[in-house]
Amino acid sequence: MSDILLEETSEGERLKLVGAGAWVALNARRLESQIDSARLRHRGAGQVDIDMTGVERLDTFGAWLLERLVRSFSAGGATPNVTGLKEDYRLLMDELGAVKGAEKIVPRTGTQSLTYALSSIGENVASVGNSFGSIANMLGAVIVALLRVLTRPRSFRFTSLVHQLDNVAWRAVPIVLLITFLIGCIIAQQGLFHFRRFGADVFVVDMVGILVLRELGVLIVCIMVAGRTGSAYTAELGSMKMREEIDALRTMGFDPTEVLILPRILALIIGVPILTFLGSMSALYGGGLVCWLYGGIDPEIFLSRLKESISLNTFQVGMIKAPFMALVIGIVASVEGMAVKGSAESLGRQTTASVVESIFLVIVMDGIFAIFFASIGK
Amino acid sequence: MADSLPPDTPAKPNGAGGKDVVIAVRDVVVGFGEKIVLDHVDLDVHRGEVLGFVGGSGAGKSVLMRTIIGLVPKREGSIKVLGVDMDEVTDLERQAVERRWGILFQHGALFSSLTVMENLQFPVREYLDLSPRLLDELAIAKLEMVGLDATACHKFPSELSGGMIKRVALARALALDPEIVFLDEPTSGLDPIGAGAFDTLIATLQRTLGLTVFMVTHDLDSLHTVCNRIAVLFEGKVIETGPMKQMLASRHPWLRSYFHGVRSGHRTDADAEAP
Ligand SMILES: Nc1ncnc2c1ncn2[C@@H]1O[C@H](COP(=O)(O)OP(=O)(O)O)[C@@H](O)[C@H]1O
Ligand SMILES: [Mg+2]
């Protein structure tokens, strides 16, 4: 392939440019620089002849560059004249000659870094406020849907609820049992290790019992459910939103909150307490096992000690939190799912937001509950 | 890369009529599980022609297209594209062929997190080293060639109408000036005027860029106006290939109801003769 794609001979006012070689995509970069420099060197040319006889091949890339050359000479007051173009290529040039928007491309609104930083802080703060607003909205919509369903229970989607329960609770049992078991083991082991130094081994049982039943059982389960189920809810609702399935439901006279969201949230409200109960038992079991094998505390001693240290209250405090946290996870997941816009990227962003927000809110709620129970003396 | 891309490979003349065959499908069998969708299919696509590919819904038209481009595995048979057997290529050779075809998927398949402009520039950036200015100008030029306004260039796919998505997807398929374009129902979802403009556009591009077009379509108008040849898929086999005249003259019951049915309305044999 020849290196020179554009040769020039000038006779006074008259400039003659001769094209050669293949004016195609692969040569576009070189051709562009040769064309632009020819244009720069001959600003004042009056009459320009462009001879394309020597151009073997021309594609849109080459043709556009020829068009650009012609346009820039015309804009400079010259009269360019293209000759020697094959008939087929002439058609292509006509197509490109009709292109109007290329000169006035508006770059996407660039942002200055400082204003951008400030405005994004502002937007983030506002979006926190907005998301509380939408959470309250969703809560309201769910309650309305629930009341409506209560007035005509036959319209409730039990199949959907059962299906969701299967996903939320039943399939989550093994992993929840495993993780809470391990957590129970670790707490007991750490407790034994440190308490032993001042001979308080047996208080490990109190610690494991209270910690697991009051706080850890429900927290661990909620964090896992937020990651496992909350994210799935957001992704499901989000992709249904993207493919206009939710609009379709709405136009058929269904309320998406009632059909899609209510069964999911109810499944969480039923499933999370069950998982919390199972998780807590599994953690106690793990703790007991470590106390026995590692700390030499017999199971009978562990059990009788446990009976003394915890009361039904301790257990209730943990269990009562579970449905509320489930509600928060479900609401946040639904809000984020419905906030998905058209792009795959937005689906990813909302799913992340759903998990992060719900874990954050679960922990905040746990704190609020702690304050509440302390103040009523439980 | 330049050496691996002989742009106008003079493919060996094929026995049948001495035409230059750019896609040769031989004895291809494709199935999903128990179900056989394509049952020993043979098909030739010649250089520079627009081939209309018709068949009932669910007949396997998209599946054949996806098999040719290598998205669906086949159980038997061979496929040659631009003289290259797609089963015996190295990754580099495959890439070289992929750069020479463009695909318009049935649902557009635009990248949802990129703007129209970025969608159009995406394949170009990958294969060519161009200045930003040229990239922008070419994206706009292609956009206007497919009949859209430059103002659409910063929109995201979710902000476009169905017809606009089809057009942008066509522009993206054409971004690298391919030799072959595969179009899966390009005019479905377009209004008749838009569909007509689309047909004209494809005819123009075929002449100006020397495109070979493989077009899956249900649009009888497209079949009449732009397709040089038509291939018919019925019960897993290609039962007829030939120009419109041949289709209209065919005795096959399915073809008769397809081309002479209510939807074909006023069409007569005389219409087909004057393209
Ligand atoms: N990935 C897949 N898995 C299973 N079956 C499929 C798959 N893709 C297509 N099919 C089946 O193959 C048949 C042909 O589909 P398709 O080629 O999309 O039809 P059309 O001719 O309308 O484009 C259909 O019956 C469809 O159900
Ligand atoms: Mg299809």
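Please go through the residue pairs B:LYS80/B:LYS245; B:LYS74/B:LYS142; B:LYS142/B:LYS245; B:LYS61/B:LYS155; A:LYS86/B:LYS142; B:LYS35/B:LYS245 and name each one whose alpha carbons sit more than 24 Å apart in this structure.
B:LYS80/B:LYS245; B:LYS74/B:LYS142; B:LYS142/B:LYS245; B:LYS61/B:LYS155; B:LYS35/B:LYS245
Once amide H atoms are placed 1.01 Å from N in the peptide plane, what residues at a sequence separation of 5 or more from A:SER10, or on another chain, have their amide H within under 5 Å of its amide H?
Hits under the 5 Å cutoff: A:LYS16.
From the gyration tensor of the Cα coordinates in the stretch B:156-267, what semi-axes in whole Å does the equivalent ellipsoid have, largest first, with each one equal to sqrt(5λ)?
Values for the stretch B:156-267, descending: 27, 17, 13 Å.
What do you get for GluC sites (Glu not before Pro) in the stretch B:42-142 restricted to DSSP loop and a cutoff of at most 12 other Cβ within 10 Å of the site's Cβ?
Filter output for the stretch B:42-142: B:GLU88.
What are the radius of gyration and Dmax of the stretch A:139-183, computed over its Cα atoms and given in Å?
That works out to 15.6, 45 Å for Rg and Dmax.
Please give the Cα centre distance for the stretch B:153-216 versus the stretch B:97-149, rounded to the nearest Å.
12 Å
Once both labels are modelled 7 Å past Cα along the beta-carbon direction, what's the B:GLN95-B:ALA249 spacing in nm?
Those two pseudo-labels are separated by 4.9 nm.
What Kirkwood radius, in Å to one decimal, follows from the Cα pairs of chain A?
Its Kirkwood hydrodynamic radius stands at 27.0 Å.
Between A:GLY54 and residues 5 or more places away or on another chain, which pairs have amide H atoms under 5 Å apart, with H built 1.01 Å from N, and which residues are they?
A:GLY19
Measuring from centroid to centroid over Cα atoms, what is the spacing of the stretch A:140-155 and the stretch A:260-324 in Å?
32 Å
Give me the distance in nm between label points sitting 7 Å out from Cα along the Cα-to-Cβ direction at A:ALA136 and A:LYS341, one decimal.
2.5 nm
With a ≥ b ≥ c the root eigenvalues of the C-alpha gyration tensor of the stretch B:106-177, is it rounded (a/c under 1.5), prolate (a/b larger than b/c) or oblate?
Prolate, because a/c is 1.5 or more and a/b exceeds b/c.
Kindly provide the Kirkwood hydrodynamic radius of the stretch A:265-322 in Å, to one decimal, from all pairs of distinct alpha carbon atoms.
12.7 Å
If you wrap a convex hull around the alpha carbons of the protein assembly as shown, what volume per residue comes out, as a whole number of Å³?
256 Å³
Can you give the percent of C-alpha pairs in chain B whose distance is more than 34 Å?
Roughly 18 percent, rounded to a whole number.
Of all the C-alpha pairs in the stretch A:158-314, what % are more than 19 Å from each other?
The proportion of pairs with Cα distances above 19 Å equals 60 percent.
Under a point-charge model restricted to the Cβ atoms of Lys and Arg (+1) and Asp and Glu (-1), what is the dipole moment magnitude of chain A relative to its Cα centre, in debye to the nearest 20?
In total the dipole reaches around 1100 debye.
Where does the stretch A:6-97 land on Rg(C-alpha)/(2.2 N^0.38 Å)?
Normalised by 2.2 N^0.38 Å, the Cα Rg of the stretch A:6-97 equals 0.98.
Calculate the mean, over all residues of peptide A:56-68, of how many other protein chain Cβ atoms lie within 10 angstrom of the residue's Cβ.
Counting other chains' Cβ atoms within 10 Å and averaging over A:56-68 gives 4.
All of the numbers you see were taken from the coordinates with simple rules; none came from a lab. In this text the structure is predicted, and so the values were computed from the model without any measurement. Reconstructed Cβ throughout: ideal geometry from the backbone, glycine too, with neighbour counts over all protein chains shown.
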